[in-house]
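The values are calculated or read from the model by the stated rules, or taken from the named source; none is laboratory data. Here the structure is a predicted model, which is why all the values come from computation and not from measurement. Cβ coordinates were reconstructed from backbone atoms using ideal geometry, including for glycine residues, and neighbour counts include every protein chain displayed. Note: accessible area is taken over every heavy atom of the protein model, side chains too, but ligands, DNA and RNA are not part of it. Shrake-Rupley method; radii C 1.70, N 1.55, O 1.52, S 1.80 Å.
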Amino acid sequence: MFTVLVSRQFVEMSRIRIEGLLAAFPKLIGTGKQHTYFETENVRYVYQPIEALYLLLVTNKQSNILEDLDTLRLLSKLVPEYSYSLDEEGICKHAFELIFAFDEVISLGHKESVTVTQVKQYCEMESQEEKLHKLVMQSKINETKDVMKRKASEIDKSKIEKNRGDKGGFGPLTSMGSGKIENSFNDMSISSTGTGFGSGTGFGLSTDVDSFSTKPKGRPTASATAPPKGLGMKLGKSQKNQFLESLKAEGEVIVEDVQPRVSQSRTAAPPLTDPVTLTVEEKLNVTLKRDGGVSNFDVQGTLSLQILNQEDGYIQVQVQTGDNQAISFKTHPNMNKELFANEHILGPKDPNRPFPTGQASDAAGVGLLKWRMQSTDESMVPLTINCWPSSSGNETYVSIEYEASSMFDLQNVVVSVPLPPLREAPSVKQIDGEWRYDSRNSILEWSVLLIDDSNRSGSMEFVVPQADSSAFFPISVRFIATDTFSDLKVTNIIPVKGGNPPKYAQRTQLITENYQIV
């Protein structure tokens, strides 16, 4: 028998009855309806779609529909709190947590006046009975330890007295072997189960017997040998859960705990092999309007230096800047500003002071130069996106196209388009590149591996159920490039103390930090 919580009454129902109600639900539900409930001869179904699943509430026809909808809304807020993956596998894995949470919301067929925060707090509250049980068990363990200490002291005293009564007064104890000691311990009223002094608890006889032995050092005592391996408590697969086995026998789907996989780390930068490495990096922040125009265009760049060996720190770096007059450069406070302004050479104010050195694992290095550029000219934007949603009947057709300028070749381009909540993935009719649907966040990702002179423009078209045009914004874009707006290049490394200049390498990249169409 299964207990089903029904609004306004508490009913005992058989499993066959429950399965019959659930089996009828997919046949009764329709498409294109504006309401999320329907009635049969005896019951009312109130439901809410959650991605590819339905959250269903079965009530009698006399219940208050407004109260039922309010209960359903509260339950729908609890499901993501306990199951991060809103699919069948995730729900089965967190089924018990969801049942406990639902039980706090519905009591005897009536909705409790609680919130999501209160339900989580109630489910996390400690049990006073459990705490009391733990205290009682700990008290028993402590009491048993005291009994053991007193008994060991009595054995020690009796052994000393018996040893004095032997010939010579100090001969080895031969009459009390390990068997007598074991019998003495067995006479104690200590249960091997429930007190924590079984074979695998760590309170064996070997340590105590060894402390009582009066045999000369170097001769091992027979009873003091280490306990055989494998006698400790074993947890895990060897102990089968009878409750789970009974559920499996009834045909329930049991999802086994999956060990967390070690997430693959992000691709790290290649290790430094040259004595001197200079990195030119620009971060692009762009906000475009969906109807055209630029709301924000900001480029921030840095030139950083990494030196492996300390003897290569006495250098100066000569650079060449591009012809972009909109860029303003600023040197590090410790750099010689006049030297850079006159000769475009970056060097410390004190020539006798070397640049700091670091190993290849150091992330950033030493910043030498910074620059910034802001503009409202749309021609400076390396990639523009046009999105055209249009509704026809019960469907919305969305056409998206990109146009890239000839300034840069863009790599690993990903255009993320938000979508309204969908039960299924959108139907992609045409695409230049590849696509992926993130059902959890309801985002369609359009990726192009490389945009160069062969594909400066491209498009994608997909279809979703009818939705408002604002549901597809803001669109996010990310990409990288090996060219920069500043066109900054390192031309020479000058040793301050003479000699041959060390070998150097230059890395250049342009990355998007925040690139949106709103």
If I model a spin label at residue 160 and residue 67 as a point 7 Å from the Cα along the Cα→Cβ vector, what separation in nanometres do I get? 7.7 nm
Exposure rank, largest accessible area first [159, 120; 1.4 Å]: 120, 159
Magnitude of the charge dipole, the stretch 341-445, Cβ model with Lys/Arg +1 and Asp/Glu -1, debye to 20: 460 debye
Residues whose modelled amide H sits under 5 Å from the amide H of residue 44, counting only those 5 or more places away in sequence or on another chain, are 59, 60, 61
Of 283/497; 77/429; 349/370; 289/429; 111/134; 337/503, pairs whose Cα-Cα distance is over 29 Å: 283/497; 77/429; 111/134
Would you work out which of 301, 332, 286 lies farthest towards the positive end of the dipole of the stretch 284-338? Charges go on Cβ: Lys and Arg +1, Asp and Glu -1. 286
For the stretch 90-170, which chymotrypsin sites (Phe, Trp or Tyr not before Pro) are both in a DSSP coil and crowded by at most 12 other Cβ atoms within 10 Å? 170
FRET efficiency, 1/(1 + (r/R0)^6) with R0 25 Å, evaluated for residue 291 and residue 430 via beta carbons: 0.60
Once ligands and nucleic acids are excluded and a 1.4 Å probe is used, how much of residue 112 is accessible, expressed in Å² to the nearest 10? 70 Å²
FRET efficiency for residue 43 and residue 447, using Cβ-Cβ distance with R0 set to 41 Å, rounded to 0.05: 0.30
For residue 75, what charge total do you get from the other residues with a beta carbon under 14 Å from its beta carbon, if Lys and Arg give +1 and Asp and Glu give -1? -4
